[in-house]
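Notes to accompany the following structure.
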Amino acid sequence: MSITGSFERQDSERNLFMTAVNTGTSTCTLYFYPIVRFVTDSEVQPPPMESPARTAATIGPGEKAYSAVRLYREGGSRTENRTAVKVFFHDRTPNDEVGGPVSVKLPQGGFVNIDSNPMVTFWNLDAAAVKSYMFKVH
């Protein structure tokens, strides 16, 4: 699995859009939402948002699934810089991790800013649905 993060031009880098690609040779199921960790001395792990596609995303070799992280809210909240983001995966049971972490390839600049309350969407097979949710609601 590889995961790339990107920013939308109109979004002021408040949300990190993540694209997961199945780089293996067999089908993979991504359950619930990505377990995102901003790697520091005290790792921050965002809780899930009430976003669409709350079950699982099954992808074959070369196929993609999508999620997004709200990094910070508008309004001058204090943010901290993070240069490493890792994603872990749920097993069929929530909060049971399976497999090792995947480092997210961050956008140009190689860092994100987060506030004290980042949140993550559930996995989704539809990139447009994730983007619509993030930019309409948040």
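The values are calculated or read from the model by the stated rules, or taken from the named source; none is laboratory data. Please read these numbers as outputs of a predicted model, since none were measured by experiment. Note that we place each Cβ from the backbone using ideal geometry, even for glycine, and neighbour counts take in every protein chain shown. Note: accessible area is taken over every heavy atom of the protein model, side chains too, but ligands, DNA and RNA are not part of it. Shrake-Rupley method; radii C 1.70, N 1.55, O 1.52, S 1.80 Å.
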Fill in the blank from the handout: Here the residues within region 55-69 that are open to solvent by 60 Å² or more (accessible area, probe 1.4 Å) and farther than 16 Å from residue 91 by Cβ are 61, 63, 64
Exercise for the section: Answer yes or no as to whether residue 24 is exposed (fewer than 15 other Cβ atoms within 10 Å of the Cβ) and touching a residue at least 24 places away in the same chain (Cβ under 8 Å). Expected result: yes
Exercise for the section: Taking residue 62 as the residue in question, decide whether it is in contact with a Ser or Thr (Cβ under 9 Å, 6 or more places away or on another chain) and either within 16 Å of residue 14 (Cβ to Cβ) or not acidic (Asp, Glu) (or both). Expected result: yes
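Can you say whether residue 54 is basic (Lys, Arg) and out of contact with any strand residue (DSSP E or B) (no Cβ under 7 Å at 6 or more places or on another chain), as far as the supplied structure shows? First the steps, then the outcome.
Numbers: basic (Lys, Arg): yes; out of contact with any strand residue (DSSP E or B) (no Cβ under 7 Å at 6 or more places or on another chain): yes.
Yes, satisfied.
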Practice task
Please verify whether region 86-100 includes one or more residues that are within 26 Å of residue 26 (Cβ to Cβ), open to solvent by less than 20 Å² (accessible area, probe 1.4 Å) and touching a helix residue (DSSP H, G or I) at 6+ places or on another chain (Cβ under 6 Å).
Solution key: no
Problem - Unmet requirement for residue 74, which otherwise passes all of (1) acidic (Asp, Glu); (2) over 16 Å from residue 133 (Cα atoms); (3) surrounded by 15 or more Cβ atoms within 10 Å (Cβ to Cβ) - result: (3)
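Suppose the filter is polar (S, T, N, Q) and over 17 Å from residue 6 (Cβ atoms); does residue 83 pass it?
Numbers: polar (S, T, N, Q): yes; over 17 Å from residue 6 (Cβ atoms): no.
So residue 83 does not fit the description; no.
Being open to solvent by less than 20 Å² (accessible area, probe 1.4 Å) and touching a residue at least 60 places away in the same chain (Cβ under 8 Å) is the filter here; which residues of region 108-124 pass it? Reasoning before the result, please.
Let us first name the residues in region 108-124 that are open to solvent by less than 20 Å² (accessible area, probe 1.4 Å), namely 112, 114-115, 118, 120-124.
Those that are open to solvent by less than 20 Å² (accessible area, probe 1.4 Å) and touching a residue at least 60 places away in the same chain (Cβ under 8 Å): 112, 114, 118, 120, 121, 122, 123, 124.
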Practice task
Return yes or no: is residue 109 not in a strand (DSSP E or B) and not hydroxyl-bearing (Ser, Thr, Tyr)?
Solution key: yes
Completion exercise
Taking first residues from region 69-86 that are free of Cβ contacts under 8 Å to residues at least 40 places away in the same chain and under 23 Å from residue 127 (Cβ atoms) and second residues anywhere that are β-branched (Val, Ile, Thr) and open to solvent by less than 70 Å² (accessible area, probe 1.4 Å), the pairs with Cβ under 8 Å that are 6 or more apart or on different chains are none
